[in-house]
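> What follows is a structure written as C-alpha cells; I'll ask about it next.
The values are calculated or read from the model by the stated rules, or taken from the named source; none is laboratory data. Computed from a predicted structure; not experimentally measured. Neighbour counts are summed over all protein chains in view; Cβ atoms, including those assigned to glycine, are modelled from backbone coordinates with ideal geometry.
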Amino acid sequence: MFGRRWLEMTWRDGLFCHWPVDPAVVDETLPERLTVATHDGDAYLGVVAFVMDDIRPRGVPFGLSFPELNLRTYVEGPSGPGVYFYNLDADDRLGVAVARRLFALPYYRAEMSATRRDDGAVRFRSRRTHRGVTDARFDATYGPAGEPFAAEPGSLAAFLLENYRFYADGNRLYRGEIAHEPWTLREGTADLRENTLFEANGFERPAGEPLVHYAEPVDVSADRLRRA
C-alpha cells in the first residue's frame, strides 16, 4: 500500500524502448526473492530516458531537475509485481550520492542533456562519468508518432509501462512505491545512434528493433524505500 508522499516531481520527455528476451537471460541476473515477469512468454529489457523535473520534498515550493537514463526489467517479488533496475544514470552529483548511500539504488553519475527541438523531437545524450564502474553511453533522438492513448489493462503496453513499484538490491531487498495518473502514451520513433547500456550491465545486445513508446508529462509522488 502506498504510504506517505515523501517526494513530488514531474516526469517529462519520456522514451521507453523495449526488447523481448528469453526469460532465462533475465532470471539469472536477479537477486533472491525476485523472479522474472513475462508477457505471452517473453521477458523484456527496457531502456528508459526522461527528465525528472522539479523534484522536491512534499510541501517544498521548488526543487531540482535533471535527466535520467535506466536499464530495467520486470519482476515478481514479495510485495507484488514491479520494476528491477540494473542502472540509473543521472546528471545530479548530490542526488546520486544520496540514492547510493541511503537507498541502495544503482545510481551512477553521468553528463547528460535532453534538448527539445522545434518539431517536438528530443535529443537525449548521456556519458557515464562515475569512477570505478563500466563506461556507458547513450545518444538518441526520439519523439511521438500517432494519437495519444491509454494502455488497456492486460495489454503489453500496460505490462511494460503501468508499474508503480520497484525493487532495489542493497544489503537487503528493498521496495519503493510511486503514484501517478495512468500514462498518456503515443507510439514513438527513436533514432538510437549509440546505446551501450546492455554491455555495461553484462547483457548481449538483444536482436531486432525495439518497441518504442513516447510518454506525455505526468506528476509523480514517491514514498520512501522500505524492506521488501
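> Checking TYR167 against (1) part of a loop (DSSP other than H, G, I, E, B); (2) within 18 Å of TYR44 (Cα to Cα); (3) at pLDDT below 95, which test does it fail?
For TYR167, the failing item is (1).
> Can you name the residue in segment 104-120 that is touching a residue at least 60 places away in the same chain (Cβ under 8 Å) and part of a loop (DSSP other than H, G, I, E, B) and, of all such residues, is nearest to ARG227 (Cα to Cα)? Let's see the steps before the verdict.
Just the residues of segment 104-120 that are touching a residue at least 60 places away in the same chain (Cβ under 8 Å), to begin with: 104-106, 114, 116.
Still in the running and part of a loop (DSSP other than H, G, I, E, B): 104-106.
Working: ALA104: 11, LEU105: 13, PRO106: 16 Å.
Looking at the filtered set, the residue picked out is ALA104.
> State yes or no: is TRP19 surrounded by 14 or more Cβ atoms within 10 Å (Cβ to Cβ), closer than 30 Å to ARG117 by Cβ, modelled with pLDDT of 95 or more and in contact with a Leu (Cβ under 9 Å, 6 or more places away or on another chain)?
On the way: surrounded by 14 or more Cβ atoms within 10 Å (Cβ to Cβ): yes; closer than 30 Å to ARG117 by Cβ: yes; modelled with pLDDT of 95 or more: yes; in contact with a Leu (Cβ under 9 Å, 6 or more places away or on another chain): yes.
Criteria met by TRP19.
> Follow-up question, since we're still on this one. Would you call ARG100 under 17 Å from the mean Cα position of the chain (by Cα), among the basic types (Lys, Arg), surrounded by fewer than 18 Cβ atoms within 10 Å (Cβ to Cβ) and at pLDDT below 95? So that I can check it myself, show each step before the final result.
On the way: under 17 Å from the mean Cα position of the chain (by Cα): yes; among the basic types (Lys, Arg): yes; surrounded by fewer than 18 Cβ atoms within 10 Å (Cβ to Cβ): yes; at pLDDT below 95: yes.
Against the criterion (under 17 Å from the mean Cα position of the chain (by Cα), among the basic types (Lys, Arg), surrounded by fewer than 18 Cβ atoms within 10 Å (Cβ to Cβ) and at pLDDT below 95), ARG100 qualifies.
> Could you please find all residues in segment 128-149 being surrounded by 15 or more Cβ atoms within 10 Å (Cβ to Cβ), over 18 Å from ASP13 (Cβ atoms) and in contact (Cβ under 8 Å) with a residue 24 or more places away in the chain?
ARG128, HIS130, ALA136, ARG137
> Same structure again: What is the number of the single condition among (1) under 24 Å from VAL83 (Cα atoms); (2) surrounded by 15 or more Cβ atoms within 10 Å (Cβ to Cβ); (3) more than 17 Å from the chain's Cα centre (by Cα); (4) polar (S, T, N, Q) that ASN171 does not meet?
(2)
> Take the conditions in contact (Cβ under 8 Å) with a residue 40 or more places away in the chain and either of a type in the set (A, V, I, L, M) or at positive phi (or both) and apply them to LEU185. Does it pass? Break it down into steps so the answer makes sense when it comes.
Working: in contact (Cβ under 8 Å) with a residue 40 or more places away in the chain: no; either of a type in the set (A, V, I, L, M) or at positive phi (or both): yes.
Answer is no for this residue.
> Separate question: Within the set of pairs 6+ apart or on separate chains, which have a first residue in segment 211-225 that is over 26 Å from ARG175 (Cβ atoms), a second that is among the β-branched types (Val, Ile, Thr) and in a loop (DSSP other than H, G, I, E, B), and C-beta atoms under 8 Å apart?
Hits for this filter: GLU216/THR184.
> So which of ARG205, ARG224, ARG165, ARG172 is touching a Ser or Thr at 6+ places or on another chain (Cβ under 8 Å), basic (Lys, Arg) and under 20 Å from LEU88 (Cα atoms)?
Working: ARG205 fails: touching a Ser or Thr at 6+ places or on another chain (Cβ under 8 Å); ARG224 fails: touching a Ser or Thr at 6+ places or on another chain (Cβ under 8 Å); ARG172 fails: touching a Ser or Thr at 6+ places or on another chain (Cβ under 8 Å).
Of ARG205, ARG224, ARG165, ARG172, the one residue that is touching a Ser or Thr at 6+ places or on another chain (Cβ under 8 Å), basic (Lys, Arg) and under 20 Å from LEU88 (Cα atoms) is ARG165.
> Within segment 24-59, track down each residue that is assigned to a strand (DSSP E or B) and small (Gly, Ala, Ser).
First pass over segment 24-59, keeping only residues assigned to a strand (DSSP E or B): 35-36, 39, 42-57.
Result: ALA43, GLY46, ALA49.
> A further question follows. For segment 202-222, name all the residues that are surrounded by fewer than 16 Cβ atoms within 10 Å (Cβ to Cβ), over 13 Å from HIS18 (Cβ atoms) and at pLDDT 95 or above. Talk me through it step by step, then tell me what you get.
Taking segment 202-222 and keeping what is surrounded by fewer than 16 Cβ atoms within 10 Å (Cβ to Cβ), we get 202, 204-205, 207-209, 216-217, 219.
Next, only the ones that are over 13 Å from HIS18 (Cβ atoms) stay: 202, 204-205, 207, 216-217, 219.
Scanning segment 202-222 gives GLY202, GLU204, ARG205, GLU216, PRO217, ASP219.
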